[in-house]
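Inspection log for the structure reproduced underneath, given as structure tokens.
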Amino acid sequence: MPVISYHVADIVPYIDWTYFFHAWKFQPRFAGIAHAGKLPDEVAAWIAAFPAEEQAKATEAARLFEEACLALKQMDRKVEARCLYKLCKANSHGDDIVVEDGTVIPCLRQQTPQIDAGYSLCLSDFIRPMSSGIGDTVGLFASSVNAMQTERQEDGRDKDVYSSLLAQTLCDRLVEAATEKLHEYIRKEVWGYAHDESLTMQDMLTGKFQGIRPAVGYPSLPDQSIVFIIDRLLGMQQIGISLTENGAMQPHSSVCGLMLAHPASRYFHIGPIGEDQLKDYAGRRGLPLQEIRKFLSASIIQA
């Protein structure tokens, strides 16, 4: 499987700063500092545009962004994002996605129909069914940033809590940015279904491209145990990712999931599932009911 490495400077333009500021308890409007310019007069004008009662918070956001940019410069050439991907021949079979070697990736279907669609969605809906006799493709990906390199000073002493938290929240954004850049490359060059795509960065960050890339843990792919299936297909240890028995990915700043190209594919929320669906899914997943109940506890309708 191809492995791609990115330096921090390669992926900074792909950072969605809204989520960074959200992690620091700022409302989305304060993320606008990322587009306000870095000259003192530009920063001052951005702060002054806020109501008087919010200017102290805006000043705090501007200071945080300045420190984040400085930290990113210090991390460049020291911290690396590594990505792994594979395009697999696939078809759907009911609510399952079946890839080329017979591996089944089970999916969950909404129990409540989409208001605008009139039917309940499942990720397998966006893959050609086996009954069509026509093959399709599903993409797999994994990305990771090793934040451990940022957690100690050169003299070996632990950094202060603020610096460690800043590094971790930046690494969380960097792994998502690396995945964004990887997905663009796959759409336009490797898979090639969007070779003529021409989007602004803002368009890209708001998902205006064709296709989706639901990560494990997303509302449309809530079963964390799916990471074990992706790991078997990708071999995520190639980029330093290991899994705990509960499916947590290490390093912390890691993500994996699927890539779907269908023009109608979109993100959605599975929502609560009933006991009948849970039993059906456990059978398709090939795990004991109690084990799959653990992975989907947040999604189960409480009796």
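Does region 23-31 contain any residue that is closer than 30 Å to GLY240 by Cβ and either loosely packed, with under 15 Cβ neighbours inside 10 Å or in contact (Cβ under 8 Å) with a residue 60 or more places away in the chain (or both)? Looking for residues that are closer than 30 Å to GLY240 by Cβ and either loosely packed, with under 15 Cβ neighbours inside 10 Å or in contact (Cβ under 8 Å) with a residue 60 or more places away in the chain (or both), one finds at least one in region 23-31, hence yes. The condition (being under 29 Å from ASP136 (Cα atoms) and outside any helix (DSSP H, G or I)) is satisfied by just one residue among GLY271, GLY283: GLY271.
Got a sec? Which of THR206, THR244, THR200 is of a type outside the set (A, V, I, L, M, F, W, C) and within 14 Å of the chain's Cα centre (by Cα)? First the steps, then the outcome.
Numbers: THR244 fails: within 14 Å of the chain's Cα centre (by Cα); THR200 fails: within 14 Å of the chain's Cα centre (by Cα).
One residue alone meets the criteria, THR206.
Restricting the search to helices (runs of 4 or more DSSP H) fully inside region 1-102 and requiring at least 3 residues that are over 29 Å from GLN237 (Cα atoms) and not assigned by TED's automatic domain parsing to the domain that holds ILE239 gives 17-23, 40-48, 55-75.
TYR119 meets each of the listed conditions (1) among the aromatic types (Phe, Trp, Tyr); (2) outside any strand (DSSP E or B); (3) buried (at least 17 other Cβ atoms within 10 Å of the Cβ) apart from (3).
Taking the conditions (1) in contact with an Asp or Glu (Cβ under 9 Å, 6 or more places away or on another chain); (2) surrounded by fewer than 21 Cβ atoms within 10 Å (Cβ to Cβ) in turn, ARG173 satisfies each one other than (2).
The residues in region 204-218 that are over 17 Å from ASP16 (Cα atoms) and among the hydrophobic types (A, V, I, L, M, F, W, C) can be counted, and the count is 1.
Can you name the residue in region 199-230 that is free of Cβ contacts under 8 Å to residues at least 60 places away in the same chain and part of a helix (DSSP H, G or I) and, of all such residues, is surrounded by the most Cβ atoms within 10 Å (Cβ to Cβ)? Applying the filter and picking the extreme gives VAL227. With respect to the conditions (1) touching a residue at least 24 places away in the same chain (Cβ under 8 Å); (2) under 14 Å from ALA261 (Cα atoms); (3) of a type in the set (Lys, Arg), LYS188 lacks only one, and its number is (1).
Looking across ASP76, ASP96, one residue alone is at pLDDT below 95 and within 22 Å of the chain's Cα centre (by Cα). It is ASP76. None of ALA61, ALA56, ALA90 is closer than 30 Å to GLN168 by Cα, in contact (Cβ under 8 Å) with a residue 24 or more places away in the chain and not charged (D, E, K, R) except ALA61.
A count restricted to region 165-197 and to residues that are in a helix (DSSP H, G or I) and either among the aliphatic types (A, V, I, L, M) or under 17 Å from GLN250 (Cα atoms) (or both) stands at 18.
Can you find a residue in region 235-252 that is part of a strand (DSSP E or B), surrounded by 16 or more Cβ atoms within 10 Å (Cβ to Cβ) and in contact (Cβ under 8 Å) with a residue 40 or more places away in the chain?
Step one: of region 235-252, the residues part of a strand (DSSP E or B) are 242-243, 249-250.
After this cut, where a residue has to be surrounded by 16 or more Cβ atoms within 10 Å (Cβ to Cβ) as well, the list is 243, 249.
Retained after the next criterion (residues that are in contact (Cβ under 8 Å) with a residue 40 or more places away in the chain): 249.
Yes, because at least one residue in region 235-252 is part of a strand (DSSP E or B), surrounded by 16 or more Cβ atoms within 10 Å (Cβ to Cβ) and in contact (Cβ under 8 Å) with a residue 40 or more places away in the chain.
Residues that are under 30 Å from VAL3 (Cβ atoms), at pLDDT 95 or above and among the aromatic types (Phe, Trp, Tyr) are absent from region 30-52.
The values are calculated or read from the model by the stated rules, or taken from the named source; none is laboratory data. All figures in this text were calculated on a predicted structure; none of them were measured in a lab. Note: ideal-geometry Cβ built from the backbone for every residue, glycine included; neighbour counts use all protein chains shown.
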